[in-house]
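Remarks on the structure that follows.
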Amino acid sequence: MSTVDTTPRELPSEHAQLRTASHGKAEVHLVRVEREGPVHHISDYTVSSAIRGDLDRIYTHGDNATCVPTDTQKNLTFSLARDGVGTPEEFGLKFGRFMAAEWPQIVTGGRWQVMKVEWDRIVGDQGPHDFSFVRRGKEERHAVVQADGGDLRVVAGLKELTVLKSSGSAFVGYPKGTYTTLPETTDRIMSTDVSAWWEYNTLEADWDGIFASVRHIILAEFAERFSMALQNTMWAISSRIIDTHPEINTVRMQCPNNHHFVVDLEPFGQDNPNVVFYAADRPFGDITAEVVRTGTTPSDLAWGTIPSFS
């Protein structure tokens, strides 16, 4: 029986060099049940871990001496959840700090992302059920912890928050040219799927409270403020978040303009006083913005691998 030679050997290159490297386990789906007597509470998290550090020889030499297996990171996800997950931000910080403490000679940094989806308690004929739930749409809550040495940064966000207002939005005063066919309107449907990320300037915060407040600001500004354009609404949301929360330095938003066009019913002998619309899923307007606290700049560490919308 032949033996396999597993001695590490360099794979040299004349022109190439390894610039950055990381590895981990992506999208570990974790559900934790908190049992409060007969009443249960569930946390539904999808966790992705990726470490950075002394990893070069894994790639260049096939030397796995510093290769903390991705399977180990998967197992750790479940183990850390045994005594509670806390908020997504808390769980990401807990994960990152454990990795650095467990392998201090290897792990010099990393990225830990936690995505949370919400389940609402089912309300049946006899009221809210103790241990039965229904998924709350497509909305996702995110937290990303980035580490470089002893420097830790937290970015949080939400995605797939779908909103629509059937009035209270206009679009007028834009430049017209040869290819302009869109008519001006002072009363239109405005709809979008909000994707928003915000950078914290602290590692100690009321994570749940701030998340709830940011989500409220998004919904309140969208619903209650007359909008001259989706861009106008995004500025109102982002600036209010920064003005309200001193813990937040940067807000990035991406909001597709989910167009709703008034249908021409004249061929059928009918008028259409803004009551029947064609909802077009594509193409869509792709609107992005980054708003920062005056006197600050976004942290390169915090925003590494976070969507830039550029």
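With only Lys, Arg, Asp and Glu charged, each at its Cβ (+1 for the first two, -1 for the last two), find how big the charge dipole of the chain is about the Cα centre; round to the nearest 20 debye.
Details: 29 positive and 42 negative charges, 33 e Å.
I would put it at about 160 debye.
Shape call for region 121-220 from the C-alpha gyration tensor, a ≥ b ≥ c root eigenvalues: rounded (a/c under 1.5), prolate (a/b greater than b/c) or oblate? Don't skip to the answer; put the middle values down first.
Numbers: a/c = 3.05, a/b = 1.34, b/c = 2.29.
It comes out oblate by the Cα gyration axes.
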- Based on Cβ point charges of +1 for Lys and Arg and -1 for Asp and Glu, what charge dipole magnitude is obtained for region 245-308 about its Cα centre, in debye rounded to the nearest 20? 280 debye
- Query: Which residue, chosen from Gln17, Gln126, Val214, occupies the Cα position most advanced towards the positive end of the dipole of the chain, where the dipole is computed from +1 (Lys, Arg) and -1 (Asp, Glu) charges on Cβ about the Cα centre?
  - Reply: Gln17
- Charge dipole (debye, nearest 20) of region 63-135; +1 at Cβ of Lys and Arg, -1 at Cβ of Asp and Glu: 140 debye
- Estimated inter-spin distance, Lys138 and Arg225, nm [label 7 Å along Cα→Cβ]: 2.5 nm
- Comparing Asp83, Asp271, Asp151 in a Gaussian network model of the chain (Cα, 10 Å), the one with the largest mean-square fluctuation is Asp271
- Note on the structure: When the charge dipole of region 239-294 is computed with +1 at the Cβ of Lys and Arg and -1 at the Cβ of Asp and Glu, the Cα pointing farthest to the positive end, of Gly269, Ala280, Asn257, is that of Asn257
- In Å, descending, principal axis extents of the Cα set of region 190-252: 36, 19, 17
- Note on the structure: The farthest towards the positive end of the charge dipole of the chain, of the residues Thr108, Ser43, Phe91, given +1 on Cβ of Lys and Arg and -1 on Cβ of Asp and Glu, is Thr108
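What per residue convex hull volume, in Å³, do the alpha-carbon atoms of region 46-189 yield? Walk me through the numbers before you get to the answer.
Working: hull volume 33.2 nm³, N = 144.
Hull volume over Cα atoms, normalised by residue count, gives 230 Å³.
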- Item | Inter-site label distance for Val33 and Lys176 at 7 Å from Cα along Cβ, in nm | 6.4 nm
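Accessible area, 1.4 Å probe, largest first: how do His129, His29, His142, His40 sort? Show your work: numbers first, answer last.
Details: His129 70, His29 115, His142 10, His40 35 Å².
Per-residue accessible area, sorted high to low, gives His29, His129, His40, His142.
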- Message: Run the simple label-point estimate for Trp103 and Val163 please: 7 Å along Cα→C-beta, distance reported in nm.
- Response: 4.2 nm
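Output the pairs from Lys94/Lys159; Lys25/Lys94; Lys94/Lys116; Lys74/Lys94; Lys94/Lys138; Lys116/Lys138 with a Cα-Cα distance over 21 Å in this structure; if there are none, say none. Before the final figure, lay out each step's value.
Details: Lys94/Lys159 23 Å; Lys25/Lys94 16 Å; Lys94/Lys116 16 Å; Lys74/Lys94 14 Å; Lys94/Lys138 27 Å; Lys116/Lys138 11 Å.
Violating the 21 Å Cα-Cα cut-off are Lys94/Lys159; Lys94/Lys138.
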- Message: For the chain, set up a GNM with springs between Cα atoms under 10 Å and report which of Trp197, Trp112, Trp207 has the largest fluctuation.
- Response: Trp207
- Stretch gain in nm, segment Asp5-Asp187, where the contour uses 0.36 nm per residue and the Cα spacing is subtracted: 58.2 nm
- Task: Mind pulling the per residue volume of the convex hull built on the Cα atoms of the chain? Å³ is fine.
- Result: 279 Å³
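For the chain, what % of the accessible area comes from carbon and sulfur atoms, probe 1.4 Å?
Details: 9090 of 17740 Å².
Here it works out to 51 percent.
The values are calculated or read from the model by the stated rules, or taken from the named source; none is laboratory data. For clarity, every value in this text was computed on a predicted model and none was experimentally measured. Neighbour counts are summed over all protein chains in view; Cβ atoms, including those assigned to glycine, are modelled from backbone coordinates with ideal geometry. Side chains are part of the model used for accessible areas, which takes the heavy atoms of the whole protein and leaves out ligands, DNA and RNA. Shrake-Rupley method; radii C 1.70, N 1.55, O 1.52, S 1.80 Å.
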